[in-house]
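In what follows, a single structure is set out as structure tokens and then discussed.
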Amino acid sequence: MPIPFTAPLPLKAAAAQDWVRLLLMVHRQLQCPDSLIRHPLVWDPLVDSLIHGLLLVADHPYREALAAPAAPGRPAAVRDAMDIIEARPHLPLTSSTLARHCHVSVRTLQAGFQWHLGMSPMAYVRVVRLRHAHRDLRSADPSHHTVAAIAQRWGFTHLSRFAAAHKTTYGHTPLQVLRAPH
């Protein structure tokens with residue numbers, strides 16, 4: 001995807017001056033046929049550095065996003081727990097069983113979920129189960145299925161809480177979704 005740079009390069013900025021000096025040094029080194037800079041182990045990361053440097057000093061629409069600190073990656077235990085939840089939302093999952101399967105303490109798993117997803121592992125379980133219940137409501141035949149049966153299948157035992165969570169998430173009550181034409 002082409003990046004629409006705004007010209008000219010802000011050469012009065014110290015970072016831009018540093019980048020130009022690096023570019024000139026690379027250009028001088030390339031004039032020498034036996035320069036170490038020509039070795040792929042040196043050249044490839046140097047080209048990446050020149051490109052990244054240009055993206056950091058030049059004005060373009062993506063500059064702020066590029067300069068912002070990257071969000072930390074999800075730790076393996078959080079990813080593993082999410083995979084377990086997504087694959088088996090119908091099982092009686094608890095924070096302790098998830099933590100045990102992921103080889104971390106409950107507290108570590110809860111802190112990881114809070115940090116990376118903004119919710120507890122059990123809140124994530126409810127989100128996934130609600131998604132599955134919504135899918136089932138949309139595809140069910142209202143003459144053969146009830147909201148209560150679908151809710152219970154996905155572990156929702158308190159129907160009014162299920163209905164409130166469903167309406168908040170999807171904008172319609174479970175009964176409206178069940179009765180909607182398919």
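None of the figures in this text is laboratory data; all of them are computed from the coordinates on show. A quick note: this is a predicted structure, and the numbers were derived from the prediction, not measured. Backbone-built Cβ (ideal geometry, glycine too); neighbour counts: all protein chains shown.
May I ask you to compute the full-extension gain from THR173 to HIS103, defined as 0.36 nm times their residue separation minus their alpha-carbon distance, rounded to one decimal in nm?
21.3 nm
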P(r) over all Cα-Cα pairs of the chain, 5 Å bins from 0 to the longest distance, whole percent per bin, short to long, reads 1, 7, 11, 11, 9, 8, 7, 7, 8, 8, 7, 6, 5, 3, 1, 0, 0
What is the local net charge at HIS27, summed over the other residues whose Cβ is closer than 14 Å to its Cβ (Lys, Arg +1; Asp, Glu -1)?
+3
How high is the FRET efficiency from MET25 to TYR62, r the C-beta distance, R0 22 Å, rounded to 0.05?
0.25
Through the Karplus equation 6.51 cos²θ - 1.76 cosθ + 1.60, θ set to phi - 60°, convert the phi angles of segment 35-47 into ³J(HN,Hα) values in whole Hz; use x for Gly and Pro.
5, 4, 4, 7, 6, x, 5, 9, 5, 4, x, 5, 4
What list do you get for TYR170, TYR124, TYR62 if you sort them by fewest beta carbons within 10 Å?
TYR62, TYR170, TYR124
Roughly what would the spin-label model give for LEU55 and ALA76, points 7 Å off Cα along C-beta, in nm?
2.8
At 0.36 nm per residue, and after removing the present C-alpha to C-alpha distance, how many nm does the segment from ASP48 to ARG153 gain when stretched out fully?
32.6 nm
Positive-pole candidate from TRP154, HIS144, LEU178, dipole of the chain, charges at beta carbon
HIS144
Under 18 Å from a label point 7 Å along Cα→Cβ of ILE3: give me every residue in segment 27-68 with its amide N that close.
44-68
Given 0.36 nm per residue, what is the gain on full extension from ASP141 to CYS32 after removing their alpha carbon distance, in nm?
31.6 nm
C-alpha center-to-center spacing [segment 104-154, segment 5-20] in angstrom:
51
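What does the charge dipole of segment 44-170 about its Cα centre add up to, to the nearest 20 debye, if the Cβ of each Lys and Arg holds +1 and the Cβ of each Asp and Glu holds -1?
Values: 14 positive and 9 negative charges, 164 e Å.
Using Cβ point charges on Lys, Arg, Asp and Glu, segment 44-170 gives about 780 debye.
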